[in-house]
Structure formats: structure tokens, C-alpha cells
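Chemist: Here it is, the structure, as C-alpha cells.
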Amino acid sequence: MKIAPSMLACDYTRMGEELRRVARESDYIHLDVMDGRFVPNISFGPGIIRALRPLTDKPFDVHLMIESPRKYIKDMAQAGADLITFHLEAESYVEQTLKQIRDLGLMAGLSIKPGTPIEEVFPYLPLLDLVLIMTVEPGFGGQTFMEDMLDKVRVLREEQALRGIAPLIQLDGGVNEENVKLAAQAGADICVAGTSVFRASNPGEMIRRLQWC
């Protein structure tokens, strides 16, 4: 399992130090951008991402939980994003936004909330590098993993096999040592882990344990 620690769960008063604590063992660095409108929380924007970028060469996995994500794709790219994921529920011009991301040379991802059927992603699969399935309601860290969301992973894997295409499958929300095993069995490629990593006494060791569960 590849692990992307979520900086949403770190100590914001020392983000640079927190990033350094997890970067070596991480596969990606997950950065949640929230606007207080699409989700009921506000996090950080391209300025923070730009400030963190020189501290590691690990891929920056930027998750836009915002309204009108098309307006900010270029800003995120210039700040140092390698992968940009936005929500199907927030964007009425999905194909154009995916093309915009790819035209900038970045990986493109599409995310869905727990209440959105996985089948709504199917029309866009040929354009996607990644599908992000939320396993909590987006907006806040520390929530409980919704195990029934693993059915979406299984259905998506079946659809990918039928089409002969395989965008990465990422899960985000409530990931820990117990449920990461279930995620792997269901067919997930990447898990975002926030609280379980940053509240561990040794975050690097926790990442390794999650990777090998």
C-alpha cells in the first residue's frame, strides 16, 4: 500500500518540521485545500503549498475541496502540485478541468463524497490518473472510516478490468492499521492517513507499518 500523509492533521505552527518528519517514508504528501464553502472548514491555499515545496521532492498530492476548482488549477500547479484532484460534486465542467490539469503536465484525479455512487465516475475514467473515494464526509480529520465505501473500490476495480484501464484508486478518511488491510484487500492503491500518522509517537514508523499491513 502506498501512503500519503495528510498535512491537514499536522501541527500548523510547525508545518515544515512536520513535513520533514514524514517525507522520507511517504509515497506522496497529501494537501487538502478547503474553502469553507464546499466543505465546512478552511485549511490553506497555494501560498502554504509553495512554502512547503522546497522541503521535499516527494510528489505533492493536492486535493481541492472547493467550489469552482477550475479557477485555481494554474495556481496550484505553480505552487508545486504534481497531482491535482477535485470533486465531481463541485465542478460542472469535469472534462475541461481534467484537460486543464493534464495540459499543465500534472496527474489528474477525481474525487467523490460517500453519498455519490461510484458509477458517476465511469464516464471520465479514460481521462483519469486517479480516483479518490472519500471514506468519511470531507472537511475534518479524525473521523471514523466508513467500511461500506470499500464496495465502491471493488465495483471500480471490476469496471477497470472490463475497460482495460487502471487509474489509481485512493482512499481518504479514517485510515489506520486495522482498516488499511481491508483497503488493500478491496483493491486500493493509495491510502491517505492523517491523524493515525501525525498523532503517532513515531510517524515514520507508523507510515511503514501502514505500507506493509
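Chemist: Just give me the residues in the range 83-107 being out of contact with any Ser or Thr (no Cβ under 8 Å at 6 or more places or on another chain) and closer than 18 Å to D172 by Cα, in sequence order.
Modeler: L83, I84, M107
Chemist: Within the range 182-213, take every residue that is among the aliphatic types (A, V, I, L, M) and assigned to a loop (DSSP other than H, G, I, E, B) and give me the one that is farthest from A9 (Cα to Cα).
Modeler: So, considering only residues that are among the aliphatic types (A, V, I, L, M) and assigned to a loop (DSSP other than H, G, I, E, B), the one farthest from A9 (Cα to Cα) is A188.
Chemist: Another question, then. Just give me the residues in the range 47-61 being within 16 Å of the chain's Cα centre (by Cα) and assigned to a helix (DSSP H, G or I), in sequence order.
Modeler: I49
Chemist: Given the criteria on the phi > 0 side of the Ramachandran plot and touching a helix residue (DSSP H, G or I) at 6+ places or on another chain (Cβ under 6 Å), does G80 qualify?
Modeler: yes
Chemist: Residues being assigned to a loop (DSSP other than H, G, I, E, B), in contact with a helix residue (DSSP H, G or I) (Cβ under 6 Å, 6 or more places away or on another chain) and open to solvent by less than 30 Å² (accessible area, probe 1.4 Å): count how many of those fall in the range 134-155. Step through it out loud before you land on a result.
Modeler: The first filter runs over the range 134-155 and keeps only residues assigned to a loop (DSSP other than H, G, I, E, B), leaving 135-146.
Next, from what is left, pick out any that are in contact with a helix residue (DSSP H, G or I) (Cβ under 6 Å, 6 or more places away or on another chain): 135, 141-142, 145.
Then drop every residue that is not open to solvent by less than 30 Å² (accessible area, probe 1.4 Å), which leaves 135, 145.
Qualifying residue count, the range 134-155: 2.
Chemist: In addition: Of all residues in the range 85-123, which are over 24 Å from V153 (Cα atoms), at pLDDT 95 or above and in a loop (DSSP other than H, G, I, E, B)?
Modeler: Within the range 85-123, L104, G105 meet the criteria.
Chemist: Okay, moving on. Does A186 satisfy the criteria of being touching a Lys or Arg at 6+ places or on another chain (Cβ under 6 Å) and within 15 Å of M1 (Cα to Cα)?
Modeler: Values: touching a Lys or Arg at 6+ places or on another chain (Cβ under 6 Å): yes; within 15 Å of M1 (Cα to Cα): yes.
It is true that A186 is touching a Lys or Arg at 6+ places or on another chain (Cβ under 6 Å) and within 15 Å of M1 (Cα to Cα).
Chemist: What do you reckon, is L150 farther than 15 Å from Q185 by Cβ and among the hydrophobic types (A, V, I, L, M, F, W, C)?
Modeler: So L150 fails the test.
Chemist: For the range 1-15, which residues satisfy the criterion of being open to solvent by 30 Å² or more (accessible area, probe 1.4 Å), closer than 18 Å to A183 by Cα and not aliphatic (A, V, I, L, M)? So that I can check it myself, show each step before the final result.
Modeler: Within the range 1-15, the subset open to solvent by 30 Å² or more (accessible area, probe 1.4 Å) is 1-2, 8-9, 11-14.
Then keep just the ones that are closer than 18 Å to A183 by Cα; that gives 1-2.
K2 - this is the single residue of the range 1-15 that is open to solvent by 30 Å² or more (accessible area, probe 1.4 Å), closer than 18 Å to A183 by Cα and not aliphatic (A, V, I, L, M).
Chemist: When you go through (1) in contact with a Cys (Cβ under 8 Å, 6 or more places away or on another chain); (2) among the acidic types (D, E); (3) surrounded by 15 or more Cβ atoms within 10 Å (Cβ to Cβ) one by one for E177, which number turns out not to apply?
Modeler: The one condition E177 does not meet is (3).
Chemist: Taking the range 191-213 as the search range and keeping residues that are touching an Asp or Glu at 6+ places or on another chain (Cβ under 8 Å) and β-branched (V, I, T), which one is nearest to F140 (Cα to Cα)?
Modeler: Here the residue is V192.
Chemist: Just for the range 83-102: of the residues that are of a type in the set (D, E) and surrounded by fewer than 17 Cβ atoms within 10 Å (Cβ to Cβ), which one is farthest from V39 (Cα to Cα)?
Modeler: E95
Chemist: Which number in (1) open to solvent by 20 Å² or more (accessible area, probe 1.4 Å); (2) in contact (Cβ under 8 Å) with a residue 12 or more places away in the chain; (3) out of contact with any Gly (no Cβ under 9 Å at 6 or more places or on another chain) marks the one condition that D129 misses?
Modeler: (3)
Chemist: Mind listing just one residue for me: the one in the range 16-66 that is acidic (D, E) and more than 17 Å from G194 (Cβ to Cβ) and, of those, surrounded by the most Cβ atoms within 10 Å (Cβ to Cβ)?
Modeler: D35
Chemist: Going by what's in this entry, would R37 be described as farther than 22 Å from I207 by Cβ, of a type in the set (K, R) and not in a helix (DSSP H, G or I)?
Modeler: Spelling it out, R37 is indeed farther than 22 Å from I207 by Cβ, of a type in the set (K, R) and not in a helix (DSSP H, G or I).
The values are calculated or read from the model by the stated rules, or taken from the named source; none is laboratory data. As the structure is a computational prediction, the values presented were derived from the model and not from experiment. FYI the Cβ positions are ideal-geometry reconstructions off the backbone, even for glycines, and counts take in every protein chain you see. Side chains are part of the model used for accessible areas, which takes the heavy atoms of the whole protein and leaves out ligands, DNA and RNA. Shrake-Rupley method; radii C 1.70, N 1.55, O 1.52, S 1.80 Å.
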